[in-house]
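The values are calculated or read from the model by the stated rules, or taken from the named source; none is laboratory data. The structure presented is a predicted model; accordingly, all values stated were derived computationally and were not measured. Note that we place each Cβ from the backbone using ideal geometry, even for glycine, and neighbour counts take in every protein chain shown.
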Amino acid sequence: MHPNKEQFSKEFPLFLEKIEKFVQSQNFTEKTKEYTDLFNQMASVSPDDMKEYIQKAPEFLQARNTSLELMERVVALHLELEKIFGMDEETLGKTYEYNLNAVDEMIAGKLKEAATLLHQFSIASEKGRQAIERANDPFLSQANN
């Protein structure tokens, strides 16, 4: 028997409760679906559909690609977390060597990374929106020529 297994088994119900409260209070499942849907929508836009904007505002393509990469990583982090949140006691214990502190730290790290990426996504998306606005504004687009 692993030395930490007994302590892990005692603490696991509280850990599980904490995870369930977090998932509920943060609408984690809904956000994961929302981010996945957003990523899929962004990824499904064909280059031909964006050609006009790319020609009129080349910075749009960079902002779009950055946004897509950021959201892809956010979705990956959320799916990794969902997998962890869904693990039973035995699987979680074996995977993380019966160390709930390590699991907590890893979850916190992934959540912090996701929050940072979402902030960067917001900035990149705003740059893309501004590029589209400039491309659609006849006065601004003429000023760039």
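Quick check on my filter: what residues within the range 1-34 are surrounded by fewer than 15 Cβ atoms within 10 Å (Cβ to Cβ) and in a loop (DSSP other than H, G, I, E, B)?
Listed by number, the residues that qualify are M1, H2, P3, Q26, N27.
Please determine whether any residue of the range 35-47 is surrounded by 13 or more Cβ atoms within 10 Å (Cβ to Cβ) and closer than 30 Å to F12 by Cβ.
Taking the range 35-47 first, the residues surrounded by 13 or more Cβ atoms within 10 Å (Cβ to Cβ) are 35-36, 38-39, 42.
Within this subset, residues satisfying the condition of being closer than 30 Å to F12 by Cβ are 35-36.
So far as the range 35-47 goes, yes, one or more of its residues are surrounded by 13 or more Cβ atoms within 10 Å (Cβ to Cβ) and closer than 30 Å to F12 by Cβ.
For the range 105-125, name all the residues that are touching a residue at least 24 places away in the same chain (Cβ under 8 Å) and of a type in the set (D, E, K, R).
Start the filter on the range 105-125 by keeping residues that are touching a residue at least 24 places away in the same chain (Cβ under 8 Å), which leaves 107, 110-111, 113-114, 117-118, 120-121, 124-125.
Those that are touching a residue at least 24 places away in the same chain (Cβ under 8 Å) and of a type in the set (D, E, K, R): K110, E113.
Against the conditions (1) farther than 19 Å from K127 by Cα; (2) touching a residue at least 24 places away in the same chain (Cβ under 8 Å), where does F39 fall short? Just the number, please.
(1)
What are the pairs, 6+ residues apart or on separate chains, where a residue within the range 83-97 that is over 15 Å from K110 (Cα atoms) has its Cβ under 7 Å from a residue that is of a type in the set (F, W, Y) and surrounded by 13 or more Cβ atoms within 10 Å (Cβ to Cβ)?
Here the result reads E89/F12; G93/F8, each pair linking the range 83-97 to a residue that is of a type in the set (F, W, Y) and surrounded by 13 or more Cβ atoms within 10 Å (Cβ to Cβ).
Would you pick out the residues in the range 48-65 that are buried (at least 16 other Cβ atoms within 10 Å of the Cβ) and touching a residue at least 60 places away in the same chain (Cβ under 8 Å)? Before you say what the answer is, go through the steps one by one.
Taking the range 48-65 and keeping what is buried (at least 16 other Cβ atoms within 10 Å of the Cβ), we get 53-54, 56-57, 60-61, 63-64.
Y53, K56, A57, F60, A63, R64 - these are the residues of the range 48-65 that are buried (at least 16 other Cβ atoms within 10 Å of the Cβ) and touching a residue at least 60 places away in the same chain (Cβ under 8 Å).
Going by what's in this entry, would R73 be described as under 30 Å from L16 (Cα atoms) and either buried (at least 17 other Cβ atoms within 10 Å of the Cβ) or at pLDDT 85 or above (or both)?
Details: under 30 Å from L16 (Cα atoms): yes; either buried (at least 17 other Cβ atoms within 10 Å of the Cβ) or at pLDDT 85 or above (or both): yes.
The answer is yes for R73.
Yes/no matrix, rows are residues, columns are (1) modelled with pLDDT of 95 or more; (2) among the basic types (K, R); (3) touching a helix residue (DSSP H, G or I) at 6+ places or on another chain (Cβ under 8 Å):
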position	(1), (2), (3)
K51	no, yes, no
F85	yes, no, yes
D88	yes, no, no
F139	no, no, no
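Quick one: count up the residues across the range 49-68 that are of a type in the set (S, T, Y) and either on the phi > 0 side of the Ramachandran plot or under 23 Å from the mean Cα position of the chain (by Cα) (or both).
Of the residues in the range 49-68, the ones of a type in the set (S, T, Y) are 53, 66-67.
Right, trim to either on the phi > 0 side of the Ramachandran plot or under 23 Å from the mean Cα position of the chain (by Cα) (or both) and you get 66-67.
Here the count works out to 2.
I'd like the full set of residues that are farther than 13 Å from A43 by Cα and without any contact (Cβ under 8 Å) to a residue 40 or more places away in the chain, limited to the range 66-82.
A76, E80
Does D37 satisfy being among the acidic types (D, E) and either in contact with a helix residue (DSSP H, G or I) (Cβ under 8 Å, 6 or more places away or on another chain) or at pLDDT below 95 (or both)?
Working: among the acidic types (D, E): yes; either in contact with a helix residue (DSSP H, G or I) (Cβ under 8 Å, 6 or more places away or on another chain) or at pLDDT below 95 (or both): no.
Judged against the criteria, D37 is not a match.
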